[in-house]
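What follows is one structure encoded as structure tokens, with my remarks underneath.
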Amino acid sequence: MMARLLLTALLGASCPLEPEQGPSAGGSSDRATVARVVDGDTVWLEGGEKVRLIGIDAPEVEHPGQPGECFGDRGTEALRRMVLDRRVRVETDVALRDPFDRLLAYLWVGNRMVNETLVEHGFAIARRYPPNLRHAARLEAAQRRARAAGRGLWGTC
């Protein structure tokens, strides 16, 4: 309950998160609609909240003056297909914000963790960002499967 109050206070009225019914897997869990996909590991929610997906690192997309990394565009497109204009469950962990003031979260569509799906299909790599380690072992297992199968960036880059 305290985590939900803290999350609500941090997000304020500008982000229309709706409380998730029933117990969450830990941390705080709310629902929101994804309004925009920035790249393979960052989205904007309706209401203006920028979210960085916890536990993964997707290849960078092209920026002015900087070339994109291998599989960056494909990872971004995969995330877009999974979440754009969809209601997602937003699950936080221990640390709520990164140094860029982005909300740190695991996103869920139904019973599928988006972060894990990206890693499992080779659109991102698993990366530990302490103290947010709740699903680290799960993400690392997905990466082992993707790497062994040569999926996505593991077969191309």
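We did not get these values from a lab; they are worked out from the coordinates using the rules stated. Just so it is clear, the model here is predicted, and its values are computed rather than measured. Cβ coordinates were reconstructed from backbone atoms using ideal geometry, including for glycine residues, and neighbour counts include every protein chain displayed.
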Q: For Arg127, enumerate residues with amide H under 5 Å from its amide H, sequence gap 5+ or separate chain, H modeled in the peptide plane.
A: Ile56, Asp57
Q) Using θ = phi - 60° and the Karplus curve 6.51 cos²θ - 1.76 cosθ + 1.60, what whole-Hz ³J(HN,Hα) does each residue of region 69-85 get, with Gly and Pro shown as x? A) 8, 4, 6, x, 5, 5, x, 5, 5, 4, 5, 4, 5, 6, 10, 4, 6
(Q) Residues of region 87-106 with backbone nitrogen within less than 11 Å of a virtual label 7 Å along the Cα-to-Cβ line of Thr33, please, listed as ranges. (A) 87-88
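Hey, got a sec? Which chymotrypsin sites (Phe, Trp or Tyr not before Pro) in region 54-131 land in a DSSP loop and have at most 14 other Cβ atoms within 10 Å? Show your work: numbers first, answer last.
Numbers: sites: Phe71, Phe100, Tyr106, Trp108, Phe123; in loops: Phe71, Phe100, Phe123.
Within region 54-131, the qualifying chymotrypsin sites (Phe, Trp or Tyr not before Pro) (loop, at most 14 other Cβ atoms within 10 Å) are Phe100.
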